[in-house]
Amino acid sequence: MGNESPRPDKVRTGSGLPPHRWTKIDDPTQVAVVAAHSTVIAGGGPAGLTAAYELTKHGHGCVVLESDPTMVGGISRTDQYKGYRFDIGGHRFFSKSDEVNKIWQEILGDQFITRSRLSRIYYNRKFFHYPLKPADALLKLGIVRASLMMASYAKAKVFPIKPERSFEDWVVNRFGRMLFEVFFKTYTEKVWGMPTNEISADWAAQRIKGLSLIGAVWNALFGQMGKKKGEVIKTLIDSFQYPRLGPGQMWEAARELVRKRGGAVHHDKRVVSIEHDGSAVTAMVARDSNGRLTRYHGDHFISTLPIRELMRAMSPPPPQAVLDAAESLKYRDFLTVVLIVDRPETFPDTWIYIHEPDVRLGRVQNFKNWSPELVPDQTKSSLGLEYFCFEGDDLWTMSDADLVALGRREIDTIGLVKASDVIDGCVVRMPKAYPVYDDVYQNHLAVIRDWLKNLPNLELAGRNGMHKYNNQDHSMMTAVLAARNIMGMGKFDTWRVNTDAEYHEEGSEPAQDTGRTVPQRVNAA
């Protein structure tokens, strides 16, 4: 138990040198191979592979450079341990975008299965259905506490907090303070590592839009009655599509389709230098695990690299103000402790939100309930215990054996599985899982984007590629539009892909529209 999985490479910054200096290729003879492709794409996640899929679909050549030696999919990959397959987080395949749904079907078709959603909240040693079911909540909270919650809700309606500045203010005003304390505060602080009274109200307005206490009760009693035809709140969907072998199956299939159409996907190729002449990118240089360098020339380039790494890799480097802006971008990191359980069944949920404040665990995935085929031995189960952290903190640097031991203790503490039933485990770390929107990130992005205008043959796409908290479908749509820009099929502003993976022609939406939000700190009064 506690098998030591290889940790992702940390960004190397050199020894006492500015972060960008280590990527500079001063001696051309260091580059062993020179290759030429019409379009060069950095990163083999959903955005990078979708761009390649769209390009090759229309007969345009491209190469995808992926740093992992075998896997594709980025945070949407499916990892494996002793035959057990598991997500890096759970990935529902549900989108309001017909175009994204069509791409998914084109790639996987009959490999999708339809899964029923059951997710609950764990609080005070009890499980509450989510979305809220009033009878269930009443029974578990008790008449007295439920009555106090409704009184708290009524008080919030009569005496709302003004001005409404923080996440806490926003939720209390719509749900009451007691319901906020139970169902919002602890989990949100675990995920983002900051107090709810320091998170901007803007994030709550988007993440919880379409929901209210009355709306949740109405939905529990009457379903979607009264909604317009076809209208559905994403948070409330009760079924979704899922690849039978996990989300990585989607991106493994996409890789093979790209290759079949004449494109290339090169593994073990970490982009370490992006060469430009001030008016265009001329090449990307990638290093493999043996230190061998390959220079990829192209006419067009797409980057899904984290923007901070993109700026570090530029050769020659951007102005210092641009480098400083990139270094100021922040990320929330994530790790999964996978536990193999000696039981054929554990609990019926697909996933559970852990609101209990005395454990560090944030969420639990039950992989067998996502797809039975993720578990090779049907007498066993596998669980993914998700911990939100910052790269370099005590959780991130804890040994795999200690993390598995922590997971065993906490899963026992909350009463889901006895520690004695856990027979094996492993750990996967995912750096830069969530780009953080602090109160100055937009200013930093503006500086970077203004400089990137000098390189019109470089497109950015994806979650980290644009420092936007995109879902998988949003990342895919940014890549589709980037590819269409390259093919001359339109002039699309990928930064305007909105929350439902829709898009608009350049100039048709306000420039400040950046799609889904993530927590940002409240501006000083």
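Kindly evaluate LEU305 against the criterion of being surrounded by 23 or more Cβ atoms within 10 Å (Cβ to Cβ) and either without any contact (Cβ under 8 Å) to a residue 60 or more places away in the chain or assigned by TED's automatic domain parsing to the domain that holds ARG484 (or both). Please lay out each step first, then the result.
Details: surrounded by 23 or more Cβ atoms within 10 Å (Cβ to Cβ): yes; either without any contact (Cβ under 8 Å) to a residue 60 or more places away in the chain or assigned by TED's automatic domain parsing to the domain that holds ARG484 (or both): yes.
Answer is yes for this residue.
If you go through the stretch 319-338 and keep only what is crowded, with 20+ Cβ neighbours inside 10 Å and in contact with a Lys or Arg (Cβ under 6 Å, 6 or more places away or on another chain), you end up with ALA326, LEU329, LEU335.
Of all the listed residues (VAL341, VAL258, VAL265), the sole one being under 30 Å from PHE112 (Cβ atoms), crowded, with 17+ Cβ neighbours inside 10 Å and assigned by TED's automatic domain parsing to the domain that holds CYS389 is VAL341. All conditions but one from (1) in contact with an Asp or Glu (Cβ under 7 Å, 6 or more places away or on another chain); (2) among the charged types (D, E, K, R); (3) surrounded by fewer than 21 Cβ atoms within 10 Å (Cβ to Cβ) apply to GLU373; the one that does not is (1).
For the stretch 70-100, give me each residue that is aromatic (Phe, Trp, Tyr) and within 17 Å of the chain's Cα centre (by Cα). Even if it seems obvious, please write down each step before you answer.
Let us first name the residues in the stretch 70-100 that are aromatic (Phe, Trp, Tyr), namely 81, 84, 86, 93-94.
The answer is PHE86, PHE93, PHE94.
Per the conditions (1) outside the structural domain of GLN365 (by TED's automatic domain parsing); (2) without any contact (Cβ under 8 Å) to a residue 24 or more places away in the chain, the sole criterion not satisfied by SER166 is (2).
The condition of being more than 30 Å from ALA326 (Cα to Cα), in the same structural domain as GLY83 (by TED's automatic domain parsing) and either free of Cβ contacts under 8 Å to residues at least 12 places away in the same chain or in a strand (DSSP E or B) (or both) does not hold for ASP402.
Taken over the stretch 315-331, the criterion of being more than 15 Å from ASN454 (Cα to Cα) and in a strand (DSSP E or B) is satisfied by LYS330, TYR331.
Filter the stretch 376-390 down to the residues that are crowded, with 20+ Cβ neighbours inside 10 Å and either under 21 Å from GLY193 (Cβ atoms) or touching a Lys or Arg at 6+ places or on another chain (Cβ under 7 Å) (or both) and list them by number. Passing the criteria: SER381, SER382, GLY384, LEU385, GLU386, TYR387, PHE388, CYS389. Only one of the listed residues (ILE423, ILE448) is of a type outside the set (D, E, K, R), closer than 24 Å to TRP351 by Cα and touching a residue at least 60 places away in the same chain (Cβ under 8 Å). That residue is ILE423. Screening the stretch 412-471 for residues that are farther than 30 Å from VAL72 by Cβ and of a type in the set (Lys, Arg) and picking the one that is surrounded by the fewest Cβ atoms within 10 Å (Cβ to Cβ) gives LYS453. The single condition among (1) in the same structural domain as ILE274 (by TED's automatic domain parsing); (2) modelled with pLDDT under 90; (3) on the phi > 0 side of the Ramachandran plot that GLY488 does not satisfy is (2).
Let me confirm something: among ASN454, ASN471, ASN464, which residue is polar (S, T, N, Q) and either outside the structural domain of PHE301 (by TED's automatic domain parsing) or farther than 20 Å from ILE88 by Cα (or both)? Even if it seems obvious, please write down each step before you answer.
On the way: ASN471 fails: either outside the structural domain of PHE301 (by TED's automatic domain parsing) or farther than 20 Å from ILE88 by Cα (or both); ASN464 fails: either outside the structural domain of PHE301 (by TED's automatic domain parsing) or farther than 20 Å from ILE88 by Cα (or both).
Answer to the check: ASN454.
Taking the criterion of being in contact with a Leu (Cβ under 6 Å, 6 or more places away or on another chain) and surrounded by fewer than 20 Cβ atoms within 10 Å (Cβ to Cβ), no residue of the stretch 175-193 qualifies. Of all the numbered requirements in (1) of a type in the set (S, T, N, Q); (2) farther than 30 Å from ALA264 by Cβ; (3) touching a strand residue (DSSP E or B) at 6+ places or on another chain (Cβ under 7 Å), ASN369 misses one, and that requirement is (3). Within the stretch 186-196, is even one residue charged (D, E, K, R), under 22 Å from ASN124 (Cβ atoms) and in contact (Cβ under 8 Å) with a residue 60 or more places away in the chain? Scanning the stretch 186-196 turns up at least one residue that is charged (D, E, K, R), under 22 Å from ASN124 (Cβ atoms) and in contact (Cβ under 8 Å) with a residue 60 or more places away in the chain.
Against the conditions (1) surrounded by 15 or more Cβ atoms within 10 Å (Cβ to Cβ); (2) modelled with pLDDT of 95 or more; (3) part of a loop (DSSP other than H, G, I, E, B), PRO69 satisfies every one except (1).
The values are calculated or read from the model by the stated rules, or taken from the named source; none is laboratory data. Treat the numbers as computed from the prediction; the structure is a model and nothing was measured. Every residue, glycine among them, receives a Cβ derived from its backbone with ideal geometry; neighbour counts consider all protein chains shown.
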